[in-house]
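Accompanying notes for the structure given below.
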Amino acid sequence: MTTIGIIGAGEVGSHIARAAIANGYEVVIANSRGPETLRGLVEALGPSARAATAAGAAAAGDFVIVAVPLKVDNDMPVEALAGKVVLDTNNYMVWRDGHIPVIDSGQKTVHELRQEQLPTSRVVKAFTHIQAPRILTWGRPAGSPDRLALSASSDYVDALEIVTRLYDQFGFDTVDNSPLSESWRSAPGQPAWKQERQSRSELIANLAKARLVKASAVG
Ligand SMILES: NC(=O)c1ccc[n+]([C@@H]2O[C@H](COP(=O)([O-])OP(=O)(O)OC[C@H]3O[C@@H](n4cnc5c(N)ncnc54)[C@H](OP(=O)(O)O)[C@@H]3O)[C@@H](O)[C@H]2O)c1
């Protein structure tokens, strides 16, 4: 049985947890306030879920989802995430996160920054341009004419493979938008982020249409 550690139990973390359990995974999920505050969610998720601290979820996961906004002062459990593939769902939102100069200047993408913060993990940007509840409802079996695609970006081939398998199980095709330095192409404000329902060919075209137009749109 594969266990997914999930750090972040909000919109994205809780919907990925539901989709993962529906596909036969165990999940260990965490928020910032402690496992006791997740009793209701864990009860709703059923016996394949348990709550832990962020470090506990990281340690338990065969791979880990980080569904938490990135902070300049890293608040992720670096040691417990060491050696693991980390799927990061973060979108950089200036209204929420404040300005992060290295991202605004185009020097780094937000996911390169996450990779720097987790130097012993293998980060992959995933699930960033789909609204969380759609993860459960928009999936279709492989080969369906209305199957949609999601992008993923990483500097590590095995991290890409894990996301590709997970997307497929959830009912989505993958478009590889690697490496992390290219991940701004799916950032908030870009065509691939704005057009939520995209076939594989539409997503490829939208990623190609991306333009670095303003600092706050870089992700
Ligand atoms: N909502 C969407 O549809 C969507 C879609 C794609 C991508 N995203 C991106 O994905 C990220 C998560 O979004 P969301 O909508 O799920 O946010 P959210 O509903 O606000 O949930 C954030 C979660 O992160 C937890 N958290 C924050 N800091 C933490 C820490 N240091 N350790 C452990 N847990 C921590 C929070 O716990 P507490 O509540 O205990 O503080 C909360 O459970 C954001 O960057 C967002 O932009 C969102």
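Please treat every number below as a calculation from the coordinates, not as lab data. Everything numeric in this text was worked out from a predicted model, so none of it was measured. Methodologically, a virtual Cβ is constructed for each residue, glycine included, from the backbone with ideal geometry; neighbour enumeration extends over all protein chains shown.
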- Message: Once you place label points 7 Å from the Cα toward the Cβ at Arg134 and Glu11, how far apart are they in nm?
- Response: 1.2
- Query: If you average the sequence gap of Cα pairs under 8 Å that are 6 or more apart and divide by the length of segment 13-62, what percent do you get for the contact order?
  - Reply: 40
- Message: Give me the one-decimal nm value for the distance between modelled label points at Glu43 and Val72, 7 Å along each residue's Cα-to-Cβ direction.
- Response: 4.2
- Query: Considering only the other residues whose Cβ falls under 14 Å of the Cβ of Leu150, what net charge follows from Lys and Arg at +1 and Asp and Glu at -1?
  - Reply: +2
- Task: Sort the chain into rounded, prolate or oblate with this rule: let a ≥ b ≥ c be the square roots of the eigenvalues of the Cα gyration tensor; rounded if a/c is under 1.5, and if a/c is not under 1.5, prolate when a/b is larger than b/c, oblate otherwise.
- Result: oblate
- Gain on full stretching of the segment that runs from Glu36 to Ser181 - 0.36 nm per residue minus C-alpha separation: 48.4 nm
- Zone residues, segment 152-184, relative to Ala22, backbone N less than 16 Å from point 7 Å out along Cα-to-Cβ: 166-173
- Virtual spin-label span in nm between Asp97 and Glu116, 7 Å along Cα→Cβ: 1.3
- Can you list the aspartates and glutamates whose alpha carbon sits under 19 Å from that of Lys84, skipping same-chain ones fewer than 8 residues off? Glu26, Asp62, Asp75, Glu112, Glu116, Asp155, Asp158, Glu161
- Query: Rounded to the nearest 0.05, what FRET efficiency do Asp168 and Ser105 have when you use their Cβ-Cβ distance and R0 = 41 Å?
  - Reply: 0.65
- Note on the structure: Of all DSSP beta bridges with both partners in the chain, the antiparallel percent, nearest 5, is 10
- Message: Check which residues have an amide H placed less than 5 Å from Val27's amide H, if you skip close sequence neighbours.
- Response: Ile4, Ala49, Arg50
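Would you work out if segment 1-123 is rounded, prolate or oblate? Take a ≥ b ≥ c from the square roots of the eigenvalues of the alpha-carbon gyration tensor; rounded if a/c is under 1.5, else prolate when a/b is larger than b/c, oblate otherwise.
prolate
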- Query: Between Ser199 and Arg211, what length in nm is gained on full extension when 0.36 nm per residue of separation is reduced by their alpha carbon distance?
  - Reply: 2.3 nm
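How much mean residue ellipticity at 222 nm does the chain get from its helices, if each DSSP H run of length 4 or more adds -39500 (n - 2.57) and you divide by all residues, to the nearest 500 deg cm²/dmol?
So the calculated ellipticity at 222 nm is -8500 deg cm²/dmol.
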- Query: Among Val27, Val66, Val78, whose mean-square fluctuation peaks in a Gaussian network model of the chain (Cα, cutoff 10 Å)?
  - Reply: Val78
- Pairs of Cα atoms under 8 Å, at least six residues apart: use those to get the relative contact order of segment 42-187, whole percent. 21
- Message: Cut-off 10 angstrom, C-alpha nodes, Gaussian network model of the chain. Which of Arg140, Arg39, Arg165 fluctuates the most?
- Response: Arg39
